[in-house]
Amino acid sequence: MSTIERTGRTIRLREPPVLLAEAAVGSQKERQGPLGKWLHFVFEDAFAGTKTWEAAESAMHQKAVQLALERAGLRETDVDVALAGDLLNQCMSSSFALRQMQIPFAGMFGACSTMALTLGMAAILTACGAAERAIASTSSHFCAAEKQFRMPLEYGGQRAPTAQWTATAAGAAVVARKGDGPRIEAVHFGTVTDYGVKDSANMGAAMAPSACRTIADFLEDLRLKPAQMDLILTGDLGAVGSDLLQNLLRRERDTEIRAVHQDCGCLLYDDTQDVHAGASGCGCSAAVLCAHILRRMREGSLRRVLFAGTGALLSGVSPLQGESIPSVTHAVLLTAQGGTV
């Protein structure tokens with residue numbers, strides 16, 4: 001009998017793989033935020049001991065993978081595949097981070113949804129037996145992202161109130177067929193959605209429609225109500241996108257999630273850190289998940305979490321060509337050990 005069952009567009013895993021261990025890495029700004037004390041490692045500055053921002057991001061990504069392996073009590077050769085991605089051209093942060101590690105590498109791109117994407121793929125590969133253990137990881141860096149997608153930092157441009165701050169952070173998780181830890185019970189790969197938003201300084205508005213679609217479809221596929229979740233966690237809509245998501249779900253799908261919804265972009269930093277609408281970047285949801293949410297699941301204060309990673313699929317040039325910003329949201333259902341769908 002197959003270990004995978006498709007219900008609508010959602011994939012249920014009959015033998016759910018487990019998250020053996022995870023690690024979150026950040027820089028000083030992330031340490032100063034509300035979740036900083038739970039980061040597993042913090043670099044002293046944004047260069048992370050390197051000469052460039054891109055190299056710094058790769059160093060952070062590598063550190064997150066190494067720490068996750070250490071916390072799982074594993075060696076590099078114990079892992080069958082690393083599924084990793086980031087925001088930079090050709091996913092260079094991920095490939096450069098893993099080029100000195102003895103782990104087969106599959107680069108993946110989902111923009112800020114990459115942590116959910118890599119977790120979903122790792123879960124499917126381990127559930128069906130294609131891998132015994134897999135790494136799911138991602139990273140982002142404020143300076144590297146600004147340089148690629150917006151303006152050089154030296155320009156000193158004014159940031160819009162709807163803008164979000166790209167996290168200088170990385171997260172990695174070890175997914176295995178067997179073991180102890182939170183389980184991945186179901187996976188939903190999102191559909192590209194585009195409501196015509198063209199403002200690259202308002203990613204929350206661009207991504208909210210895809211989050212609405214994925215969350216509503218997932219709940220409908222598995223015949224679940226929002227109240228049956230301890231948490232519906234999006235990342236990274238920020239304050240603007242979170243409000244839009246809740247309004248869209250209420251208006252278009254007759255679904256109310258306000259009581260159980262939180263967003264990674266609203267959790268990583270606080271109001272004193274001048275991040276405008278909140279945090280963004282692949283490393284934001286990765287760090288929040290690996291430092292905070294999975295810790296709470298292991299402690300027992302969260303039992304069932306729908307993690308819906310949101311990603312804006314623009315490039316550095318597409319807004320300059322007048323293109324709108326398509327987005328995608330991938331989701332995984334996490335349950336504490338002993339839980340069930």
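For the reader, a short list of remarks on this structure follows.
- Three-way shape label, the stretch 158-200, alpha-carbon gyration tensor, a/c 1.5: oblate
- Here the dipole of the stretch 4-176 is about 340 debye; that uses its Cα centre as origin and unit charges on the Cβ of Lys and Arg (positive) and Asp and Glu (negative).
- In a simple Cβ point-charge model (Lys, Arg +1; Asp, Glu -1; nothing else charged), the chain has a dipole of about 640 debye relative to its Cα centre.
- Charge dipole of the chain about the Cα centre (unit charges at C-beta), most positive-ward option of Gln28, Ala145, Val175: Val175
- Charge dipole of the stretch 186-341 about the Cα centre (unit charges at C-beta), most positive-ward option of Ala277, Met207, Leu334: Leu334
- Simple label model, 7 Å out from Cα along Cβ direction - Arg250 to Phe105, nm: 4.6 nm
- The gain in end-to-end length when the Val192 to Glu299 segment is fully stretched comes to 35.0 nm, 0.36 nm per residue minus the alpha carbon separation.
- Membrane-span-like helices in the chain (whole DSSP H runs, Cα extent of at least 18 Å along the helix axis, mean Kyte-Doolittle hydropathy of at least 1.0): 114-127.
- Prolate/oblate/rounded call for the stretch 159-270, Cα gyration tensor, a/c under 1.5 rounded: oblate
- Euclidean distance of C-alpha centroids, the stretch 144-210 and the stretch 53-79, integer Å: 21 Å
- Two-site label geometry, Cys128 and Glu44: point separation in nm, points 7 Å out along Cα→Cβ: 4.7 nm
- Using the average count of surrounding beta-carbon atoms within 10 Å as a protection proxy, the listed peptides 55-64, 31-40, 87-96, 111-120 rank, highest first, as 111-120, 55-64, 87-96, 31-40.
- Two-site label geometry, Lys51 and Arg14: point separation in nm, points 7 Å out along Cα→Cβ: 5.6 nm
- Calculated mean residue ellipticity at 222 nm for the chain: -9000 deg cm²/dmol, from DSSP H runs with n ≥ 4 weighted as -39500 (n - 2.57), summed, divided by the residue count and rounded to 500.
- Note on Lys29: lysines with a C-alpha under 30 Å away, same-chain residues under 8 apart excluded, are Lys37, Lys51, Lys63, Lys147, Lys198.
FYI, it's all coordinate maths here, none of it is from the lab. Keep in mind that what you see is a predicted model, and the values were worked out from it rather than measured. Note: ideal-geometry Cβ built from the backbone for every residue, glycine included; neighbour counts use all protein chains shown.
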